[in-house]
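One structure is given here, and the rest of the page talks about it.
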Amino acid sequence: MEAKTKTIETYRRHDKDTGSADVQVAILTKKILSLTEHLKINKKDFSSRRGLLMMVSKRRRLLDYINRTDHKRYVALTQSLKLRR
C-alpha cells in the first residue's frame, strides 16, 4: 500500500488528485511489472495471464486518451515510466 501511495504522489497532477489518467497508468504499470515477474515463475497460471492482458489493454486505452488530449503530457509520462524506447 505504501508503494501505491508513493506512485500516486509522484504522478498526481494536483494536491487532491488520486485518479487521473496519469496516476492510473502509473499504478497499472507497477501492477503489470509485478504480474509479469509472477508469470515468469508460474507459467501455467492462465487466469493471471488473462488479468495481465486486460491490464495492458486498459493501460493502452488510457495512454491513447492522454496522447489525444495532451501529447506533451503523453511523452513525459511514457519517458518517466520507461514505456517507450
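Just so you know, all these numbers are worked out from the coordinates, no wet-lab data involved. For clarity, every value in this text was computed on a predicted model and none was experimentally measured. Reconstructed Cβ throughout: ideal geometry from the backbone, glycine too, with neighbour counts over all protein chains shown.
Summary table below
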read-out	value
Extreme residue, positive dipole direction of the chain, given options T69, H14, A3 (C-beta unit charges)	T69
Of every Cα-Cα pair in the chain, the percent that sits beyond 21 Å	32 percent
Sequence-distant lysines (8 or more away, or on other chains) whose Cα lies within less than 25 Å of K6	K16, K30, K31, K58, K72, K82
Dipole magnitude of segment 2-81, debye to nearest 20 (Cβ charges: Lys/Arg +1, Asp/Glu -1, about Cα centre)	360 debye
